[in-house]
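Written out below as C-alpha cells is the structure these notes cover.
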Amino acid sequence: MKRRSFISKTAATSTLLGLGGISLGSCASSGKKHITILHTNDVHSHIDPFPSDHSRYANLGGLARRATLVQQIRTENPNTFLFDAGDIFQGTPYFNFYGGELEFKLMSMLKYDAATIGNHDFDNGIDGLFAQVPHARFDLVSANYDFSNTVMDGFVKPYNTYIADGIKIGLYGLGIALDGLVTKKLYKETKHENPYDVALDIERQLKEKEHCDIIICLSHLGYDYDNNPNRFDDVTLAAKTAHTNLIIGGHTHTFLDKPDVRTNKKGMPVLINQVGCYGLNLGRIDFYFDEGAAITADGISISV
Amino acid sequence: MNLKIKHFVLFITIGIIFSCRDTVTNPSEIVGEQLLVTPELEAVDSIEAFVKPYQNRINTVLDSTLAYVSKDLVKDDGSRNTSAGNFLADLVLEQANPIFKSRTNKDIDFVVLNHGGIRSIISKGNVNARTAYQIMPFENYIVVVEMDGKAVSDLLDFLAKSGKAHPIANMQLTLDASGNYVKTEINGQPFNETKTYYVASNDYLVQGGDDMGFFKNRNAVTNTDYMVRNAIIDYFKKVDTIITSVDDRFIQLN
C-alpha cells in the first residue's frame, strides 16, 4: 500500500494543483465516470416553503423547488441518485391530516431511489407506516431493524444495490434505538440490533460479495453524542467501518457547514454529511472515477 | 444555527489502491456541496398542482386568526426557563386543571414538560390553529400523575441536573451557583416531602418517552383525554393577546 496522508488545507486551488496535480477542470474530462448522490434528512412533512414571516427560515425550503433543483442536476448528470435518511413524517398538518400519504407520493414523483426509516416514521404506529407503503415507489432500507414479527416484514430491505454508468452502488440503512424514543405500542415487535455490528457485516457483504464501487450508509442514528457509550452515532460508526465511503446522516437535525471527513478503520477517508432538516437544504456528493489512468497524487488533499 | 448559504468544494484525491478484485474501482475524487433551497428556484408546476387540493383543505381548517402574540416566543432565551416553555406549561395548567378537578375534585400542583417537545418557536404576529400544529405536531394527551414527595424530590433533582430548560409551571425553583436548591416552592408553598403531588404532563413523557426520567416512581395516572395541541388551540381562542416572557420561576444564582 502506498503511503497515505491527510493534508488539511483551506488554501486556494493553486495549492491543490501543486499538491495533487489534478486540476478542477479535470472533473469534466471524458475518461471519467461520474455519480451524483443527492440527499435529504428529517424533512418532517415540510412540503410548502416556510412562510415569509417565519422568524428563522422565511421563504426557504419547499418540495416543488427541491424538485427543480433535482431535475437540473439530473439533466446535468443522468447518473444521479436521490436518498433520504429518515424522519420523513411528522411536523406539519399534512402528516396529521393525511398520515404520510402525500409525503410518500411526492417523494415518488421526485423519483427518490431509497429512504431509511426514522423514529418519527413510527408516529402513526407501524401499521400507519405500513398503510403508506403502497404510495412509495422507492426502496425502504434498514439493516438493523428486524421487522420479522411485524406487518412491515418483507417491505424493508437491509440493503440494495444500484448500477449507473457501470459503477455499482451499495446502499444500506441504519435506524436509531426505539426504546425510550417511541412508545412500544407504536413500534410493536420491531427489534433494534446493534448498528455498528450490523454495519460492518453489511458493508463487507457489499464489498466482497456484491463488489460495490461505492458504499453508502443511510443513517438515522444521529451525528455525534460525544462518545456517550450508550448511544450510537455516525462519528463513531465512521471510525469503525472499513468499506463505507459516505454516511448520510439524520435525526440530530445537524446543519453541517460541510461534509465531515473522518478516518475509517483502514486509515481511509469516510464522509459524513447531514443537511439540517425540513428540506431547507439538498446535500450533493459527487463521486468521480478515473478510467485506467494512474493518479499521481499519493496523498489525500482536502480543500475546504 | 448557521443558515448562510453554504457552498463549498471538498476535494479528495486518493492514490490508486490496488485491489485483489479488479472489478471494484475506487473513487478518485469526491466533491461535496450543500444546496440551499431558496425562492430563486422556480417550483415545478405539476408538483404544486398535485399538492394544491390537499393544501386547500388544510388551509380552510387551520388559517383563521385566533390570537395575537406580542413578541417571538423561543426556546433559547433563558437558561432555566424560556418564553416558549413558560407559555406552554402555563396554558397546560390553565386548560387542564378544570378537567382534572371535575374528575377527581383535586387541583394540579404543577406542570412539567420536556424542552425537546416544543417543536417550533412562535413568531410574533397572528396565531391560528396552524401555529398550534407547529408547536405540537404530536398526538400527545395531557395526563396528571400522582407522585409522592420522594418521587417529586427525584424529579426536582433531575431538573437541577438537566442542562435543559424543561418547561414548568406553578413552581418557584432557585439553585445556588453550585447547583443546589436554595428555594423549592410548589403551588405557593415550600416543597414538602411528606405530601402527595399531582403533576400534569403529557402521556409520551409519562410512558418514559425521550428518556426524560421525570416519572420513574409515579403512582396513579389520570387521563384528561385532552390533546396538548387542542389545549393550545382552545387557549388561543380564549385570549386576545399572548404576552409571555422569561421569568424567575426557575433560576440559578451566580
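The values are calculated or read from the model by the stated rules, or taken from the named source; none is laboratory data. In this text the structure is predicted, and so the values were computed from the model without any measurement. Counting neighbours? That spans all protein chains shown, and the Cβs are built from the backbone with ideal geometry, glycine included. Just so you know, the surface numbers come from the protein's heavy atoms only, side chains and all, with ligands and any DNA or RNA stripped out. Shrake-Rupley method; radii C 1.70, N 1.55, O 1.52, S 1.80 Å.
Quick one: which of A:His34, A:His54, A:His46 is under 21 Å from A:Asn273 (Cα atoms), at pLDDT below 95 and of a type outside the set (Gly, Ala, Ser)?
Result of the check over A:His34, A:His54, A:His46: A:His34.
Which is β-branched (Val, Ile, Thr), over 30 Å from A:Thr36 (Cα atoms) and either surrounded by 17 or more Cβ atoms within 10 Å (Cβ to Cβ) or free of Cβ contacts under 8 Å to residues at least 60 places away in the same chain (or both), of A:Thr161, A:Thr116, A:Thr150?
Of A:Thr161, A:Thr116, A:Thr150, the one residue that is β-branched (Val, Ile, Thr), over 30 Å from A:Thr36 (Cα atoms) and either surrounded by 17 or more Cβ atoms within 10 Å (Cβ to Cβ) or free of Cβ contacts under 8 Å to residues at least 60 places away in the same chain (or both) is A:Thr150.
Pull out all pairs, ordered by first then second residue, where Cβ-Cβ is under 7 Å, the residues are six or more apart or on different chains, the first lies in the stretch B:203-228 and is under 9 Å from B:Val143 (Cα atoms), and the second is open to solvent by 60 Å² or more (accessible area, probe 1.4 Å) and in a helix (DSSP H, G or I).
B:Thr222/B:Arg103
Any residue that is closer than 24 Å to A:Asp123 by Cβ and not hydrophobic (A, V, I, L, M, F, W, C) - is there at least one of those in the stretch A:200-218?
no
Being more than 19 Å from the chain's Cα centre (by Cα), surrounded by fewer than 18 Cβ atoms within 10 Å (Cβ to Cβ) and not hydroxyl-bearing (Ser, Thr, Tyr) narrows it down to one residue among A:Gly62, A:Gly125; which is it? Don't jump to the end; show me each part of the working.
Details: A:Gly62 fails: surrounded by fewer than 18 Cβ atoms within 10 Å (Cβ to Cβ).
Only one candidate qualifies: A:Gly125.
Quick one: is A:Ile285 among the aliphatic types (A, V, I, L, M), at the interface with another protein chain (Cβ under 10 Å from one of its Cβ atoms) and within 25 Å of A:Gly166 (Cβ to Cβ)?
Details: among the aliphatic types (A, V, I, L, M): yes; at the interface with another protein chain (Cβ under 10 Å from one of its Cβ atoms): yes; within 25 Å of A:Gly166 (Cβ to Cβ): yes.
Answer is yes for this residue.
Return only the number of the condition from (1) surrounded by fewer than 18 Cβ atoms within 10 Å (Cβ to Cβ); (2) basic (Lys, Arg); (3) farther than 30 Å from B:Thr38 by Cβ that A:Lys207 does not satisfy.
Of everything listed in (1) surrounded by fewer than 18 Cβ atoms within 10 Å (Cβ to Cβ); (2) basic (Lys, Arg); (3) farther than 30 Å from B:Thr38 by Cβ, A:Lys207 misses just condition (1).
Which condition breaks for A:His211 when tested against (1) assigned to a loop (DSSP other than H, G, I, E, B); (2) within 15 Å of the chain's Cα centre (by Cα)?
With (1) assigned to a loop (DSSP other than H, G, I, E, B); (2) within 15 Å of the chain's Cα centre (by Cα) applied to A:His211, the lone miss is (2).
Can you find a residue that is within 14 Å of chain A (Cβ to nearest Cβ) and closer than 30 Å to A:Gln90 by Cα anywhere in the stretch B:155-173?
yes
If I filter the stretch A:132-144 for residues that are under 24 Å from B:Tyr204 (Cβ atoms), crowded, with 21+ Cβ neighbours inside 10 Å and over 21 Å from the mean Cα position of the chain (by Cα), do I get at least one hit?
No: the stretch A:132-144 contains no residue that is under 24 Å from B:Tyr204 (Cβ atoms), crowded, with 21+ Cβ neighbours inside 10 Å and over 21 Å from the mean Cα position of the chain (by Cα).
For B:Val111, indicate whether it is surrounded by 21 or more Cβ atoms within 10 Å (Cβ to Cβ), away from chain A (no Cβ under 14 Å) and in contact with a helix residue (DSSP H, G or I) (Cβ under 7 Å, 6 or more places away or on another chain).
Yes: the conditions hold for B:Val111.
Taking the residues in the stretch B:231-246 that are in a helix (DSSP H, G or I) and of a type in the set (A, V, I, L, M, F, W, C) as candidates, determine which candidate is farthest from B:Asp63 (Cα to Cα). Steps first, answer last, please.
Of the stretch B:231-246, the ones in a helix (DSSP H, G or I) are B:231-238.
Checking which are of a type in the set (A, V, I, L, M, F, W, C) leaves us with B:231-233, B:236.
Numbers: B:Ala231: 17, B:Ile232: 15, B:Ile233: 12, B:Phe236: 13 Å.
It comes out as B:Ala231.
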